[in-house]
Amino acid sequence: MKLAAAAASVLALAAVGYRHWRAAQTQGRLSAIAAQVAGRPVRVHCKSLVSALVDVSGELGSVRFDAHGRPSDTTTLQHEICTRLARFPHSHHEVDCLLAVDLTTLSFASDQPPFPPGCSRSTLDTDQAVETLAHESFHLHGYRAEAAAECYGVQETAFVAERLHATPDEARALARYALLLMPLKPTEYVSSECHA
């Protein structure tokens, strides 16, 4: 009985250790990408599943700015955003549907789901995760205004997707999809001056 309890404890500790190791690997990889976009050393922190369960902010990511308007060196991303980004290099089949559609001919009304033909919520969530990393990286660069970070983030979505091992075609499709979704965002994220 004691041996079984000890074995279960060892397995539980190993599982927790592995989770922390994987989280550190993901955060390190995402931090390197964010630093390339931000143009300086920065860090990506991924919320844990437990903190995501109690978070009611609705924000996909955040960067704090000090009283002088300088950004923190860290962005915090929601657990689901990090989970999608961690899986992306190994499995991004949900992007394939974007390759089969002429995205230049599509537009979405605010009362319809923004899914191109053959795509699903998973495609939207993946695009949103990639674009969120780009968006928050521009906050880390120093852009405090949401509209500026969103515009530049959409422009760099393809760059971020390629760093996550998307093919060039997949990366361009994700960027085009992110651009299509811009008018559906809250007004503080949209600028008439953005020409992505």
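Enumerate the pairs (first residue in segment 172-196 and touching a residue at least 60 places away in the same chain (Cβ under 8 Å) and assigned to a helix (DSSP H, G or I); second residue anywhere and of a type in the set (D, E) and surrounded by 18 or more Cβ atoms within 10 Å (Cβ to Cβ)) with beta-carbon separation below 7 Å, excluding pairs fewer than 6 apart on the same chain, so at least 6 apart or on different chains. Short answer, once both residue conditions are applied: L174/D127; Y177/D127. Taking segment 150-165 as the range and being among the small types (G, A, S) and open to solvent by 10 Å² or more (accessible area, probe 1.4 Å) as the test, only A158 passes.
On the given criteria, is V44 touching a Ser or Thr at 6+ places or on another chain (Cβ under 7 Å), outside any helix (DSSP H, G or I) and closer than 20 Å to A171 by Cβ? In short, yes. Of all residues in segment 140-149, those being surrounded by 17 or more Cβ atoms within 10 Å (Cβ to Cβ) and either assigned to a helix (DSSP H, G or I) or out of contact with any Phe, Trp or Tyr (no Cβ under 9 Å at 6 or more places or on another chain) (or both) number 6. Scanning segment 68-101 for residues that are of a type in the set (D, E, K, R), under 25 Å from H165 (Cβ atoms) and either in contact with a Gly (Cβ under 8 Å, 6 or more places away or on another chain) or open to solvent by 30 Å² or more (accessible area, probe 1.4 Å) (or both) yields a count of 4. Note on segment 27-48: among residues that are polar (S, T, N, Q) and modelled with pLDDT of 95 or more, the one that is farthest from the chain's Cα centre (by Cα) is Q36.
Residue check: C194 meets all listed conditions (1) closer than 18 Å to L60 by Cβ; (2) surrounded by 16 or more Cβ atoms within 10 Å (Cβ to Cβ); (3) over 17 Å from the mean Cα position of the chain (by Cα) but one, namely (1). Tallying residues that are under 13 Å from D125 (Cβ atoms) and charged (D, E, K, R) within segment 72-102 yields 4.
The values are calculated or read from the model by the stated rules, or taken from the named source; none is laboratory data. Note that the structure is predicted; figures quoted are calculated from it, not measured. Virtual Cβ from ideal backbone geometry, glycine too; neighbours counted across all protein chains shown. Accessible surface areas use protein heavy atoms only, side chains included; no ligands, DNA or RNA. Shrake-Rupley method; radii C 1.70, N 1.55, O 1.52, S 1.80 Å.
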